Amino acid sequence: MTRLLIIGPPGSGKGTQAEHIARHFGIPVVSTGEIFRTNVSEETELGIQAAAYLDGGTFVPDHLTNALVRDRLLKKDLQAGFLLDGYPRTAPQVMELDDMLATQGLALDAVIELHAPDDELEQRMRRRAADQGRTDDTVDVFRHRLDLYHRETHEVVSVYAGRGLLVSVNGSGDPGDITGQAIAAVEKFLATPRSGA
Ligand code: ADP
């Protein structure tokens, strides 16, 4: 049973890496960004409430996001583990997740941080904008998402580093190589005995 979290700035390829890493470990991905995008395109109540935040590259309010994740984590398909992508993104969300997991007697096993330089992230976003047509992949919205990442989500990385759970992976280079490096780094981490574990 493996419970993982992947954190990375916009354009770092974290969604793609999440799919490959999760397949390797035989666990489902829970991507809050994907869940929101699906709800927006299906025009559900949640999607209608979340759309403007996604388009503006700002965080969806915590009461919506936390409730969504809390429900999702109770589903049976996650009993064998999961890879969270995009949540938690702020220090208060870390505490929410701690609580959700603790009520089930669970905790994360490892946190993967994908990192890459800002200028490379923006170049990748420009390429992806042409392929995928995400409404938040415009230069201004992207810079706002990146700024939020540095201001808010970086703190999440520090919290997990402090707990000794962080596995940092260089997100620059060939996507297949990065997947291989990420899987190897996580496996090594999980195989290493830790104090308190
Ligand atoms: P990226 O990390 O590339 O910006 P995501 O697909 O992870 O893309 O997220 C897209 C959008 O979904 C975010 O800009 C935000 O509006 C919303 N979102 C996703 N996860 C969260 C979260 N944990 N808290 C608040 N909003 C979120």
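The values are calculated or read from the model by the stated rules, or taken from the named source; none is laboratory data. Since we're looking at a predicted model, the values are computed, not measured. Note: ideal-geometry Cβ built from the backbone for every residue, glycine included; neighbour counts use all protein chains shown. Surface accessibility is based on the protein's heavy atoms, side chains included, excluding ligands, DNA and RNA. Shrake-Rupley method; radii C 1.70, N 1.55, O 1.52, S 1.80 Å.
Among the residues of the range 6-22, are any within 8 Å of the ligand (Cβ to nearest atom), part of a loop (DSSP other than H, G, I, E, B) and within 20 Å of Ala184 (Cα to Cα)?
yes
For the range 106-141, which residues satisfy the criterion of being of a type in the set (S, T, N, Q) and open to solvent by 70 Å² or more (accessible area, probe 1.4 Å)?
If the condition is that a residue be of a type in the set (S, T, N, Q) and open to solvent by 70 Å² or more (accessible area, probe 1.4 Å), then Gln123, Gln132, Thr135 are the ones that fit.
Within the set of pairs 6+ apart or on separate chains, which have a first residue in the range 80-106 that is within 23 Å of Tyr149 (Cβ to Cβ) and in contact (Cβ under 8 Å) with a residue 40 or more places away in the chain, a second that is among the polar types (S, T, N, Q) and open to solvent by less than 60 Å² (accessible area, probe 1.4 Å), and C-beta atoms under 6 Å apart?
Pairs found: Asp85/Ser31; Gly86/Ser31; Gly86/Thr32; Tyr87/Thr32; Arg89/Thr153.
Taking Leu68 and the conditions (1) free of Cβ contacts under 8 Å to residues at least 60 places away in the same chain; (2) within 18 Å of Gly180 (Cα to Cα); (3) open to solvent by 20 Å² or more (accessible area, probe 1.4 Å), which numbered condition does it fall short on, given that it satisfies the others?
In the conditions (1) free of Cβ contacts under 8 Å to residues at least 60 places away in the same chain; (2) within 18 Å of Gly180 (Cα to Cα); (3) open to solvent by 20 Å² or more (accessible area, probe 1.4 Å), Leu68 misses (2) alone.
Across the range 5-14, which residue is surrounded by the fewest Cβ atoms within 10 Å (Cβ to Cβ) among those that are in contact with a helix residue (DSSP H, G or I) (Cβ under 7 Å, 6 or more places away or on another chain) and within 17 Å of Gln181 (Cβ to Cβ)?
That would be Gly13.
Taking the range 50-60, which residues are under 15 Å from Asp140 (Cα atoms), of a type outside the set (A, V, I, L, M) and near the ligand (Cβ under 7 Å from one of its atoms)?
Selection gives Tyr53, Gly57, Thr58.
Take the conditions open to solvent by 60 Å² or more (accessible area, probe 1.4 Å) and modelled with pLDDT of 95 or more and apply them to Asp99. Does it pass?
Here the answer is yes, as Asp99 does meet what is asked.
Quick check: is even one residue across the range 142-155 open to solvent by less than 20 Å² (accessible area, probe 1.4 Å) and more than 13 Å from the ligand (Cβ to nearest atom)?
No, there is no match, as no residue in the range 142-155 is open to solvent by less than 20 Å² (accessible area, probe 1.4 Å) and more than 13 Å from the ligand (Cβ to nearest atom).
Are there any pairs with C-beta distances below 7 angstrom linking a residue in the range 17-39 that is over 17 Å from Pro61 (Cα atoms) to a residue that is of a type in the set (Ser, Thr, Tyr), with the two at least 6 apart or on different chains, and if so which?
So the pair list comes out as Gln17/Thr179; Ala18/Ser31; His20/Thr179; Ile21/Thr179; Phe25/Thr2; Ile27/Thr2.
From the residues in the range 25-49 that are exposed (fewer than 12 other Cβ atoms within 10 Å of the Cβ) and assigned to a loop (DSSP other than H, G, I, E, B), which one is farthest from the ligand (Cβ to nearest atom)?
Here the answer is Gly26.
For the range 71-91, which positions are touching a Ser or Thr at 6+ places or on another chain (Cβ under 6 Å), open to solvent by less than 30 Å² (accessible area, probe 1.4 Å) and more than 13 Å from Ile35 (Cα to Cα)?
Once the filter is applied, which keeps residues that are touching a Ser or Thr at 6+ places or on another chain (Cβ under 6 Å), open to solvent by less than 30 Å² (accessible area, probe 1.4 Å) and more than 13 Å from Ile35 (Cα to Cα), the range 71-91 yields only Gly81.
Counting just the residues of the range 52-65 that are touching a residue at least 60 places away in the same chain (Cβ under 8 Å) and in a loop (DSSP other than H, G, I, E, B), which one comes out surrounded by the fewest Cβ atoms within 10 Å (Cβ to Cβ)?
Selected residue: Thr58.
Residues in the range 158-170: is at least one open to solvent by 20 Å² or more (accessible area, probe 1.4 Å) and within 26 Å of Asp55 (Cβ to Cβ)?
No, that holds for no residue.
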